[in-house]
1. Take every Cα pair under 8 Å in region 12-85 that's 6+ residues apart, average their separations, divide by the length, and report that relative contact order as a whole percent.
2. Would you list H4, H210 from fewest to most Cβ contacts within 10 Å?
3. What full-extension length gain, to one decimal in nm, is calculated for D169 and A215 as 0.36 nm per residue of separation minus the Cα-Cα distance?
4. Residue farthest toward the positive end of the dipole of region 48-182, with Cβ of Lys/Arg at +1 and Asp/Glu at -1: which of S113, G54, G164?
5. Using a Förster distance of 35 angstrom, determine the FRET efficiency expected from the C-beta separation of D112 and D139, and round it to 0.05.
6. Sort S113, S155 by Cβ crowding within 10 Å, fewest neighbours at the top.
7. Which order do the peptides 158-171, 99-112 take when ranked by the mean count of other beta-carbon atoms within 10 Å per residue, highest first?
8. With charges set only on the Cβ (+1 for Lys and Arg, -1 for Asp and Glu), what does the dipole of the chain come to about its Cα centre, in debye to the nearest 20?
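None of the figures in this text is laboratory data; all of them are computed from the coordinates on show. This is a predicted model, so every value here is computed, not measured. Backbone-built Cβ (ideal geometry, glycine too); neighbour counts: all protein chains shown.
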Amino acid sequence: MTPHNHAKLGDYAPAVLLPGDPLRAKWIAETFFEAPRLVNSVRNCLGYTGTWKGKPVSVQASGMGQPSLAIYVHELINVYGVQSLIRVGTCGGLNAKVKVRDVILAQGASTDSSIVKGRFGAFNFAPIADFGLLRSAADKAEAAGLRFHAGNLLSSDIFYHADGFAGYDKLPEHGVLGVEMEAAVLYTLAARFGVKALTICTMTDCLITHEEISADERQSSLTEMVELALDVAVES
């Protein structure tokens with residue numbers, strides 16, 4: 001147990017999905033898991049364990065932003081022995097080739113956060129996904145006929161950028177696909193502690209065209225993304 005998690009040792013499966021929103025964690029457990037059980041509710045950051053296609057898997061809400069996710073990921077790895085962590089979330093689109101409802105597999109994660117940059121001094125560490133998880137997700141997405149992209153995401157500590165889209169103008173020129181708030185520190189911690197990590201996001205709103213999807217469309221798109229993540233997780 002930790003100040004943020006009252007699960008017992010053994011309560012988490014070796015693979016854990018990481019949505020930011022606690023209610024999304026609850027939705028994932030109740031919608032997709034066989035025999036889900038609540039293992040953590042401290043601060044209402046809900047965690048559940050169950051099975052998917054007969055194999056054990058867990059989901060744990062990480063909260064919003066890199067500092068919050070870093071707490072849960074550090075403890076999942078170092079206290080609970082989790083070996084594979086897959087973030088499932090949403091992102092804003094920064095690149096015209098990515099359309100709303102498209103899935104992004106974050107091959108790498110750029111960041112403006114000192115939580116990553118401050119650790120490496122003169123070096124610009126490049127946070128990247130586990131190749132095995134990335135390859136599995138790409139193969140399964142292609143087989144399922146999902147519209148997906150693999151590439152670079154931006155993990156930003158700023159949600160309301162003072163300069164709007166102009167604040168990101170150099171990133172699309174270098175192939176960055178979208179912006180979210182967690183992947184870079186997830187990849188950094190996974191590298192530090194020798195475990196596997198992947199971020200899968202659905203693009204739900206475009207910062208270029210301002211197109212957004214409705215609540216119903218968002219739910220359907222997230223269903224496809226979560227099923228993809230679960231298939232990858234139980235084989236990791």
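1. Values: 145 pairs, mean separation 29.0, N = 74.
Reported as a whole number, the value is 39 percent.
2. Details: H4 16, H210 9.
Least crowded to most crowded, the residues run H210, H4.
3. On the way: separation 46, 0.36 × 46 = 16.56 nm, distance 2.85 nm.
Difference between extended and current length: 13.7 nm.
4. G54
5. Numbers: r = 32 Å, r/R0 = 0.91.
FRET efficiency, D112 to D139: 0.65.
6. On the way: S113 22, S155 29.
By the 10 Å Cβ count, ascending: S113, S155.
7. Values: 158-171: 11.9, 99-112: 21.6.
Answer by packing, highest mean first, reads 99-112, 158-171.
8. Working: 20 positive and 25 negative charges, 135 e Å.
Charge dipole of the chain: 640 debye, to the nearest 20.
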